[in-house]
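Working notes, beginning with the structure itself.
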Amino acid sequence: MGKVFKILSFFICVILLSGCASKRPMRPPMINYTQSDSIKNYTYFYIIPTAAVTGSSGVYGNQYGVYGGYTKTTNPADIISGTLFKNGFIRVDAVSPENADKTMIISYGETGRRNVNLGYSIEVTIQFVNAKTQLPIVICTAEGQGSTEADDVRIAINRALEPLFKTE
């Protein structure tokens, strides 16, 4: 009887605490056009290589290993490249002087974390720079929240780039 009471009390506490948890929405993506240029004026892009992001989630076990969990890995440069491929841009391995005026250099960085919805979100910033002048074209920032850090990064990148390619 005492064991049942403890289990029931635990679940009631969990329900009450989750009901009191604040539901903080994700911040909207921010796009900062830094000059009177547009990525639509470019054909090529060079992306600075990024390291893979790995995240895991689930219940982890005992001395015999892991059970009930999973691991995900993603590479931010691949996600960014895929979106740009889908929108007609051509990836190059290096910036050539003859195409520098039609080439963007893209860099990526994680720029923050914040507690959101009983977990946390990761914020990313993606910068597009004119390869010839080295001046920023546009800077995109967004946050993402998923079940692993890899999901957080993927969601944040997609949210950051989505406004650039919306057709009106």
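Determine whether residue 18 is exposed (fewer than 12 other Cβ atoms within 10 Å of the Cβ) and either part of a helix (DSSP H, G or I) or modelled with pLDDT of 75 or more (or both).
Here the answer is yes, as residue 18 does meet what is asked.
Select the strands (runs of 3 or more DSSP E) contained entirely in the range 35-119, then report the ones holding at least 2 residues which are at pLDDT 90 or above, under 22 Å from the mean Cα position of the chain (by Cα) and surrounded by 13 or more Cβ atoms within 10 Å (Cβ to Cβ).
44-47, 103-116
Residues being open to solvent by 10 Å² or more (accessible area, probe 1.4 Å) and either outside any loop (DSSP other than H, G, I, E, B) or in contact with a helix residue (DSSP H, G or I) (Cβ under 8 Å, 6 or more places away or on another chain) (or both): count how many of those fall in the range 137-168.
Within the range 137-168, residues that are open to solvent by 10 Å² or more (accessible area, probe 1.4 Å) and either outside any loop (DSSP other than H, G, I, E, B) or in contact with a helix residue (DSSP H, G or I) (Cβ under 8 Å, 6 or more places away or on another chain) (or both) number 14.
Which one of 103, 125 is without any contact (Cβ under 8 Å) to a residue 40 or more places away in the chain and among the β-branched types (Val, Ile, Thr)?
One residue alone meets the criteria, 125.
Which pairs turn up if I take residues in the range 30-49 that are closer than 19 Å to residue 157 by Cα and among the β-branched types (Val, Ile, Thr) and look for partners that are in a loop (DSSP other than H, G, I, E, B) and at pLDDT below 95 with beta carbon separation below 6 Å, at least 6 apart in sequence or on another chain?
Final answer for the pair search is none.
Can you confirm whether the range 125-135 contains a residue that is outside any strand (DSSP E or B), under 17 Å from residue 84 (Cα atoms) and out of contact with any helix residue (DSSP H, G or I) (no Cβ under 9 Å at 6 or more places or on another chain)?
No, the range 125-135 has no match at all.
The values are calculated or read from the model by the stated rules, or taken from the named source; none is laboratory data. Keep in mind that what you see is a predicted model, and the values were worked out from it rather than measured. Counting neighbours? That spans all protein chains shown, and the Cβs are built from the backbone with ideal geometry, glycine included. Just so you know, the surface numbers come from the protein's heavy atoms only, side chains and all, with ligands and any DNA or RNA stripped out. Shrake-Rupley method; radii C 1.70, N 1.55, O 1.52, S 1.80 Å.
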